[in-house]
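Structure record follows, encoded as structure tokens.
Just so you know, all these numbers are worked out from the coordinates, no wet-lab data involved. Model, not experiment: these values are computed from the prediction. Neighbour counts are summed over all protein chains in view; Cβ atoms, including those assigned to glycine, are modelled from backbone coordinates with ideal geometry.
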Amino acid sequence: MNIENLREEIFGEKGYARWLKTKWISGEQLARRAQERVQSEMGTTVDCNSVNTYLSRLLDVEYEIYLELEQEAIAKSVEWFLNAEETFQSRYPTLKGLFAELQKHLDDMNTLPQEKLAAIAEPLAQYYKLLAESFAQGRRARAGGSAQYHVEFILNRLGYEGLYERQRTLNGTVDFLFPSMEMWKKDRRRCTVLSVKRTLRERYKQIFEELSATKGLTMYLMSTQPLKDAQKDITKEKVQNISGQNVYLVVRDEVKTVLFKDTASVIGFTDFFCRELPRLKQAWTDAG
């Protein structure tokens with residue numbers, strides 16, 4: 001078995017790992033499953049006393065569910081491959097040859113069971129190692145890709161349904177525009193923009209440059225990551241760059257308290273939902 005060929009067939013845009021991920025539920029379905037689980041734990045009421053805990057729990061539970069789906073996909077990956085059409089299997093000749101060779105060992109009537117296990121153990125271990133490695137790449141980003149649905153869930157529970165629009169195109173696509181595109185066209189100075197990302201690692205400069213190009217808006221960039229990840233990702237330099245573009249950074253309360261207690265441009269979940277939005281809402285409703 002050629003390890004490099006096997007790696008090539010598992011990784012990449014057309015790799016087997018990518019195909020396995022297409023069998024999972026959509027981001028919206030993943031978010032709904034997390035919301036159902038959290039509601040069963042914490043109830044359906046969200047208020048200013050619970051908003052930080054509730055949203056943080058939604059985000060964390062979604063990641064837990066994502067890992068469960070990942071483990072299921074890894075466990076069933078061989079079965080799914082063997083049950084696939086011949087044309088599909090032919091896309092991955094190294095994988096196809098590997099599983100055919102393993103089946104030969106299992107079908108060999110002249111080999112003792114322990115010898116069969118010994119013969120297939122190492123090749124399977126290599127396969128699962130590469131598959132797990134592929135899944136681990138981008139895991140956090142994919143698992144956190146449904147954060148917008150959780151923010152929407154919280155907004156609706158707090159009484160903001162009908163006071164925002166999703167995925168609107170201004171100078172760039174923004175996740176939430178308050179209160180509406182109609183108001184944006186009428187008087188953008190009264191509008192508020194919220195962009196939701198898990199981390200700031202890759203695109204944060206592009207994000208706040210897109211937002212700052214809207215000029216005159218109140219702008220917020222929400223990073224949903226937990227404290228242990230924020231300690232590595234959210235640097236003072238990034239915060240200064242974001243603040244310099246007139247963009248507020250919104251983080252979990254714990255991240256605000258531990259890392260940015262005295263930084264005015266960094267706002268915790270609770271303050272954002274229970275102080276900032278109510279204050280901004282006055283401008284939306286007065287203008288309406």
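The figures follow:
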read-out: The chain - Cys residues lacking any other Cys C-beta under 4.7 Å; value: Cys191
read-out: Relative contact order (%) - criterion: Cα under 8 Å, at least six apart; region: the chain; value: 16
read-out: 3J(HN,Hα) from dihedral phi, region 92-107, Karplus parametrisation 6.51/-1.76/1.60, rounded to Hz, x for glycine, proline; value: 10, x, 5, 4, 4, x, 4, 5, 5, 5, 5, 5, 4, 4, 5, 8
read-out: Where only alpha carbons of the chain are counted, the Rg and the Dmax (Å); value: 23.9, 84
read-out: Simple spin-label estimate for Glu115 and Gln245 in nanometres, 7 Å along Cα-Cβ; value: 6.5
read-out: Relative contact order (%) - criterion: Cα under 8 Å, at least six apart; region: region 3-143; value: 33
read-out: Degrees separating the helix 27-42 axis from the principal Cα axis of the chain, which is the longest one; value: 70
read-out: Trypsin sites (Lys or Arg not before Pro) within region 1-96, DSSP loop, no more than 12 other Cβ atoms inside 10 Å; value: Lys14, Lys23
read-out: Distance histogram for region 14-95 (every C-alpha pair counted, 10 angstrom bins, percent rounded to whole numbers); value: 16, 36, 22, 15, 8, 2
read-out: Rounded to 5, percent antiparallel among DSSP beta bridges of the chain; value: 35
read-out: Nearest 10 degrees, 0 to 90: helix 147-157 Cα axis against the chain principal axis; value: 40
read-out: Farthest positive-ward along the chain dipole, Cα basis, beta-carbon charges - from Ala34, Ile74, Gln103; value: Ala34
read-out: The chain: angle of helix 51-82 to the longest principal axis, Cα-based, in degrees nearest 10; value: 20
read-out: Euclidean distance of C-alpha centroids, region 265-283 and region 19-74, integer Å; value: 24
read-out: Gyration tensor verdict on region 57-161 (Cα atoms; rounded if a/c is under 1.5, prolate if a/b is larger than b/c, oblate otherwise); value: prolate
read-out: Ranked Cys191, Cys48, Cys274, criterion: other C-beta atoms within 10 Å, fewest first; value: Cys48, Cys274, Cys191
read-out: Charge sum, other residues only, whose C-beta stays under 13 Å from Lys23's C-beta, Lys/Arg counted +1 and Asp/Glu -1; value: 0
read-out: Violating pairs (Cα-Cα greater than 25 angstrom) within the set Lys23/Lys238; Lys14/Lys228; Lys104/Lys129; Lys21/Lys96; Lys186/Lys281; value: Lys23/Lys238; Lys14/Lys228
